[in-house]
1. With label points built 7 Å along Cα→Cβ from the Cα atoms of residue 138 and residue 372, find their separation and express it in nm.
2. Take residue 285 and residue 355, extend 7 Å from each Cα along the Cα→Cβ direction, and tell me the distance between the two endpoints in nm.
3. Take the alpha-carbon centre of region 233-291, take the same for region 109-148, and report the distance between them in whole Å.
4. Can you put 292, 236, 198 in order of Cβ neighbours within 10 angstrom, beginning with the fewest?
5. What is the calculated FRET efficiency for residue 33 to residue 312, with r their C-beta to C-beta distance and R₀ = 41 Å, to the nearest 0.05?
6. Please give the length that would be gained between residue 330 and residue 402 if that part of the chain were fully extended, namely 0.36 nm times their separation in residues minus their C-alpha to C-alpha distance (nm, one decimal).
7. What FRET efficiency do you get for residue 169 and residue 127 if R0 is 51 Å and r is their Cβ-Cβ distance, rounded to the nearest 0.05?
8. Could you tell me whether region 282-425 comes out rounded, prolate or oblate from its Cα gyration tensor? Rule is a ≥ b ≥ c as square roots of the eigenvalues, rounded for a/c under 1.5, then prolate if a/b exceeds b/c, otherwise oblate.
Amino acid sequence: MRFCRVCSFLSCLIALPVWAQGEQPVGDRIRVLEERIQALEVQVRALQTSQNASSGPTSAPVARPAEVVVSIPSTAVGPGPSQETPASLPVYGGAASMTKVLNPDISVIGNFIGAVGSNPLNPLPALSLRESEFGFRAIIDPYARADFFLGVGEDNVEMEEGYITFPALPGGFSLRAGQMRASFGKTNPMHNHVLPWLDRPLVTFNLLGGEPDESDASISDAGFSVSRILPAPGGLFLEATAEVYRGESGSLFHSSRRSDVSAVGHLRAYHDLNESTNLEMGGSFARGHNDLGSDFVTQLFGMDAMLRWRPLRRAIYRSFVARTELFWSRREELAGAQRAHGFYASADYQFSRRWFAGARFDWSQRARDASRHDSGQSAVLTYWPSEFSQIRGQLRRTNHAEGVTVNELLFQFQYTIGAHGAHPF
């Protein structure tokens with residue numbers, strides 16, 4: 001009670017001079033107020049020190065009807081020379097966040113897809129809940145974070161990603177280990193629900209492995225990744241990533257023995273052109289053994305570029321993104337090396353707060369037979385009712401190497417439940 005009376009009295013002492021100087025300039029009043037606060041901090045610190053000294057371990061406990069605890073932030077009052085800081089565990093965000101220490105952030109993303117039109121080569125169901133992603137993310141300790149993503153389809157459940165990240169290793173390195181999407185290009189690391197289109201470009205199926213009737217085709221495997229931000233001049237952001245994987249990735253890489261690992265490298269450069277526009281470019285390389293055996297190697301080279309425009313004053317109403325990726329493949333076979341290449345180019349424009357329109361062009365040879373190629377064009381319209389749901393329609397025309405042209409209308413309803421963290425920029 002004595003401590004509360006002293007605090008009330010000191011507060012009145014601070015307020016009285018300020019009330020009395022109502023006609024003073026604002027700067028003078030602020031200076032007077034700062035001086036009073038500093039004086040109060042000194043007196044409160046001295047009072048706390050005297051109370052700690054009086055309540056030592058030899059003093060008998062005294063029953064009190066109520067206890068008032070005054071907490072002074074460390075940013076406002078630094079520890080004095082005679083003040084001892086008790087050893088205690090750090091608190092990250094207060095009592096509300098302490099409830100999450102043993103409970104990770106959990107999210108579910110539903111992806112409902114429909115298709116209209118005839119596709120004799122790669123037919124899609126008329127209606128299907130094609131993929132649902134379950135995400136579990138948590139901070140393990142101040143030095144590590146864990147992320148798990150399960151892909152649940154209508155007939156199967158698979159581990160899409162599951163890895164631990166050490167973001168602050170000595171030397172400025174960052175380490176990630178587990179089941180991951182490889183850092184090859186810009187589209188490969190993306191989950192399906194963050195793509196700007198309903199499907200993936202043809203080049204990812206033809207050169208990176210996978211079948212066009214699948215929902216995903218990417219370099220994904222168990223391994224570890226090391227990345228570091230490199231020094232660069234002129235405000236350039238430069239990041240290098242090196243990865244080693246087990247060597248099993250769809251129809252692209254196949255490991256016949258333990259030493260048949262695959263390697264992936266990526267160099268990313270980012271620069272702000274002005275306050276509204278930025279440019280990102282990257283180069284990628286991947287190497288691994290293919291399904292013909294340990295003596296046969298497949299190599300991939302890639303280049304990616306992305307231009308973003310978002311005016312600061314109308315950022316929620318207008319934006320534009322243009323992206324492209326080019327891939328080259330060299331696959332060793334019994335008859336000799338097979339070389340193929342492909343690319344896609346797309347543009348997306350936000351013309352209203354919740355509406356986006358886009359287009360994409362695809363062209364790609366096939367990795368196993370470069371004499372055949374596929375091409376396609378798509379027009380996309382997306383509506384976001386909120387950040388937790390999305391409605392999208394895509395008109396797709398595909399010219400297959402078999403001489404078949406397919407016209408389809410795809411539509412998508414996507415929704416998010418729970419806390420799903422942001423993906424890398």
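None of the figures in this text is laboratory data; all of them are computed from the coordinates on show. All of these numbers come straight from a predicted model, not from anything done at the bench. Counting neighbours? That spans all protein chains shown, and the Cβs are built from the backbone with ideal geometry, glycine included.
1. Inter-label distance under the simple model: 4.8 nm.
2. Going from the residue 285 label point to the residue 355 one covers 4.7 nm.
3. Comparing the Cα centres of region 233-291 and region 109-148, I get a distance of 23 Å.
4. Fewest to most other Cβ atoms nearby, the residues stand as 236, 292, 198.
5. In this case the efficiency is close to 0.70.
6. 23.7 nm
7. Details: r = 47 Å, r/R0 = 0.93.
About 0.60, to the nearest 0.05.
8. Taking the square roots of the gyration eigenvalues as a ≥ b ≥ c, region 282-425 is prolate.
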